[in-house]
Amino acid sequence: MSRLRVTLRLNVSQSTIDACCSGRHNPGRMEINGVEIEDTFAEAFPMVAARAIITAETSRWVEIAAREVTGYATSVIACDAEAGIERLLSPADTPDGRPGASVLFFGFGREKLEKAVANRIGQCVMTCATTACYNGLPGTEKTIKVGGSLRFFGDGFQTSKMLEERVQGSGFRVQAKEASGQQSAIRKQQSAILRRRFWRVPVMDGEFLCEDLFGTVKGVAGGNFLILADSLAAALQAAEQAVEAIGKNCRDVILPFPGGVVRSGSKVGSKYKKLRASTNDAYCPTVRGITRSSLPGGVNAVYEIVIDGLSAAAVVEATRVGVRAACVSGVRRISAGNYGGNLGPHHFQLHEVLAC
Amino acid sequence: MLTLRWIGNTTVPVEAECITADRLADLPVADIERLAVQHGNRQEPMAEFFHVSGDGADGRIRLEGSMSRVKWVGAGMSGGEISVDGEIGTHLGSEMAGGRITVTGNAGDWVGAEMRGGLIQVHGNAGHQVGAAYRGSRRGMRGGTILIHGSAGNEIGSTMRRGLIAIGAAAGDFAGVSMIAGSVFLFGSPGIRVGAGMKRGTIAVLDAGSGAGPINLLPTFQFECEYRPTFMQLFLRYLRGLEFPVDETILEGKYTRYCGDQVALGKGEILIWQPS
């Protein structure tokens, strides 16, 4: 099944585009630095997301742990979760004052995510020298159990510590209600206390410290854009620049594929019944002559940047930053992957995203 | 904010359990003035001892004056804030479940006894039995945080089950006696028999500058190792976030770990800080 392409009406004012983008514009047409921005949209899906803060004695061990725990986590097509390093953290930004990394995990459903995160942190972080692992989304309504599962490795020698954090003000809420014809105030206490439990699991270099519960939010996965270039070198350079720009400027997002770049973009389904996804032949230059290609003339290499974010706004911002950075010499067109709008509720119109 | 200014002139204790942020929030000044407090063996109206002004609807109370004879302030409080500008008597924040109490001066015995949640911060000294269990009770403090910037007396955290107590200066004898769990951080020199009978929990001795020398542990504590427990970094930064003074050198140090008390369950730990 080929990926469906749709033509959409541009509903962004021309003046907005002129103000935001360099280059010339025709109605319904957008260019940035001479690169055509196709009038299409990226289709993304809601996924449950969690954030882990990993710390270690040195930044070397932080990076090792962060890379291990985010390995084999490119796509839920075949992995238990999608994961990536959001950013590295300075000692001043971590709970224990050591170098750290912020890692995001995405999964279909809270139960699957809980299993994936607990397994990954258990096998890749707890085993890694000097590390500790904290919840990076405290105060969320819903949580998954991580340290609470891993503690059993302590075989009865594990202990826990609890901290109380005041979330907001004094936790005092005032309600008003009518009583006996006069307005009287009823004040009700809210706890406004966040209790965080940390498990201390004895290990051979001391203790592995892991927070009991990790907060989850409804994230957005599968935001994307495609870089269509005249050569592999140009496509790779553009993709690298996009990844670098997103990493430097964007928060709450990860690019889960190797180096943030996808070479094997996929479409839904296959001629082989057992496969849920197969190569996106419409964008493969080597089969241009024997398939319904979406490649314009002169395009010889395509890379896809896939973006998972904690919110739709974060994905939009990363798309904007990434596309602008990717519009360099040798790139012919920026497009985006979708399924005709039938599968995912999030539709990121490239022209709208880039207009502001 | 509701302001209660001490105008009393008595050496007889005044038991003012009614002074909590949540209880006074609903009441107009006239009603607060009529609230009964126990003065010796008699009940007297609050107005006999306090000048009441302002409005406590925002859940904040300020007490002014030297109230070392005023007991049970904030007892059982579940939310809101009390700030004491001066001294306060015994049983401050006893069995408190939430909210915050700040004292600029000294506090008496039994600060936060059997406390369940919230934060008590005393910028001066405190008496004996901080966060402890009352006599005959099975458990002491069960949650929350008590920060004493100055010194404290004997039996700090006696039989405590959960929570954090930090003492900024010298501590009395039997700190953490019979602890069930929880954390007691001593930033000054401790007295004798630290952790006697403790089952679980942590007593950290972080005496960086008193010059009191090495502490004598009970023989029922056993040396385990020297290391840098990560959770200590977490907790010390948490204390700093609450404006409790933690010296930079303490963040850099390492700890000698002893387990005990072997006469009890023996799963407790005493961490003795030393410079790295």
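Relative to its Kirkwood radius, the Cα radius of gyration of chain A gives an Rg/Rh of 1.06. Once the partner protein chains are put back, region B:214-256 shows a loss of at least 10 square angstrom of accessible area, versus the chain by itself, at B:Y227, B:R228, B:T230, B:F231, B:Q233, B:L234, B:F235, B:R237, B:Y238 (probe 1.4 Å, ligands and nucleic acids excluded). Label-to-label distance, A:R60 versus B:E226, with points set 7 angstrom from Cα along the beta-carbon direction: 2.2 nm. Who wins for biggest fluctuation among B:R237, B:R60, B:R42 in a Gaussian network model of chain B, springs between alpha carbons below 10 Å? Judging by the Gaussian network model, the answer is B:R42.
Given their separation in residues at 0.36 nm each and the Cα-Cα distance between them, A:R110 and A:K142 gain 10.6 nm when the chain is fully extended. Comparing A:K271, A:K248, A:K161 in a Gaussian network model of chain A (Cα springs below 10 Å), the most mobile by mean-square fluctuation is A:K271. Entry comment: accessible area of the protein assembly as shown is 42 Å² per residue, from protein heavy atoms only and a probe of 1.4 Å. Translational diffusion of region A:238-356, estimated by Stokes-Einstein from the Kirkwood radius over alpha carbon pairs at 25 °C in a medium of 0.890 mPa s, is 159 µm² per second. Each residue of chain B gets 112 Å³ once the volume of the Cα convex hull is shared out per residue. Per the Debye calculation on the protein assembly as shown with a single equal scatterer at every Cα and no solvent contribution, log₁₀ I(q)/I(0) for q = 0.07 Å⁻¹ amounts to -0.59. Counting only alpha carbon atoms, the long axis of helix B:230-241 and the longest principal axis of chain B meet at about 30°. What the Cβ-Cβ distance of B:T10 and B:A208 gives, at R0 = 30 Å and to the nearest 0.05, is a FRET efficiency of 0.10. The phi torsions of region A:199-213, fed into the Karplus equation with coefficients 6.51, -1.76 and 1.60 and a -60° offset, translate into couplings of 9, 10, 9, x, 10, 6, 9, x, 9, 9, 9, 9, 5, 5, 10 Hz, rounded to whole numbers, with Gly and Pro shown as x. Grab the beta carbon distance between B:I215 and B:K254, set R0 = 22 Å, and tell me the FRET efficiency rounded to 0.05. For B:I215 and B:K254, the calculated efficiency is 0.85. Normalised by 2.2 N^0.38 Å, where N is the number of residues, the alpha-carbon radius of gyration of region B:198-276 equals 1.13. Considering only protein heavy atoms and a probe of 1.4 Å, how much of the accessible area of the protein assembly as shown is carbon and sulfur, as a whole percent? The computed percentage sits at 49. Name the most mobile residue of A:R333, A:R200, A:R60, meaning the one with the largest mean-square fluctuation, in a Gaussian network model of chain A with Cα contacts below 10 Å. In this elastic network of chain A, the residue with the biggest mean-square fluctuation among A:R333, A:R200, A:R60 is A:R60. What's the local net charge at B:F221, with K and R +1, D and E -1, over the other residues with C-beta under 14 Å away? My count for the surroundings of B:F221 gives +2. Rg/Rh for region B:135-276 (Cα atoms only, Rh after Kirkwood) is 0.93.
Peptide packing: for A:143-153, B:24-34, the average count of neighbouring Cβ atoms within 10 Å per residue gives the ranking A:143-153, B:24-34, highest mean first.
Secondary-structure-derived ellipticity at 222 nm for chain A, considering helices only, amounts to -6000 deg cm²/dmol, per-run term -39500 (n - 2.57) for DSSP H runs with n ≥ 4. Computed from the C-beta positions of B:R138 and B:I192 and an R0 of 41 Å, the FRET efficiency is 0.95 to the nearest 0.05.
Taking each residue as 0.36 nm, the span from A:L194 to A:T127 lengthens on full extension beyond its C-alpha to C-alpha distance by 21.2 nm. Interface between chains B and A: roughly 2400 Å² of accessible area buried, both sides summed (probe 1.4 Å, protein heavy atoms only). For the residue pairs A:K142/A:K274; A:K161/A:K218; A:K218/A:K271; A:K142/B:K199; A:K218/A:K267; A:K248/B:K254, the C-alpha atoms sit more than 27 angstrom apart in A:K142/A:K274; A:K161/A:K218; A:K218/A:K271; A:K142/B:K199; A:K248/B:K254. For region B:20-35, putting each phi into the Karplus relation 6.51 cos²θ - 1.76 cosθ + 1.60 with θ = phi - 60° gives couplings of 9, 5, 6, 6, 8, 4, 7, 9, x, 4, 4, 5, 5, 4, 8, 4 Hz, in residue order, rounded to whole numbers and with x for Gly and Pro. Charged side chains reduced to their Cβ positions (Lys and Arg at +1, Asp and Glu at -1) give chain A a dipole of some 860 debye around its Cα centre.
With the solvent-accessible surface defined on protein heavy atoms using a 1.4 Å probe, which residues belonging to region A:197-225 display a reduction of at least 30 Å² in accessible area in the multichain context relative to the isolated chain? Residues of region A:197-225 that lose at least 30 Å² of accessible area once the other chains are added: A:R200, A:E207, A:L209.
In region B:1-144, inverting the average of 1/r over every pair of distinct C-alpha atoms gives 14.6 Å as the Kirkwood radius. With N counted as the residues of region B:136-206, its alpha-carbon radius of gyration over 2.2 N^0.38 Å works out to 0.94. Going from the chain on its own to the full set of protein chains, region A:67-111 has these residues losing 30 Å² or more of accessible surface (heavy atoms, 1.4 Å probe, no ligands, DNA or RNA): A:P95, A:D96. For A:E165, nonlocal amide neighbours, meaning residues 5 or more places apart or on other chains whose placed amide H falls under 5 Å from its own, are A:L194, A:R195, A:R196. Computed from Cα atoms alone, the Kirkwood hydrodynamic radius reported for region A:197-264 is 15.6 Å.
The values are calculated or read from the model by the stated rules, or taken from the named source; none is laboratory data. What you see is a predicted model; the values in this text were computed from it and never measured. All Cβ positions, glycine included, derive from the backbone under ideal geometry; neighbour counts span all protein chains shown. Side chains included, ligands, DNA and RNA excluded: accessible areas come from the protein's heavy atoms. Shrake-Rupley method; radii C 1.70, N 1.55, O 1.52, S 1.80 Å.
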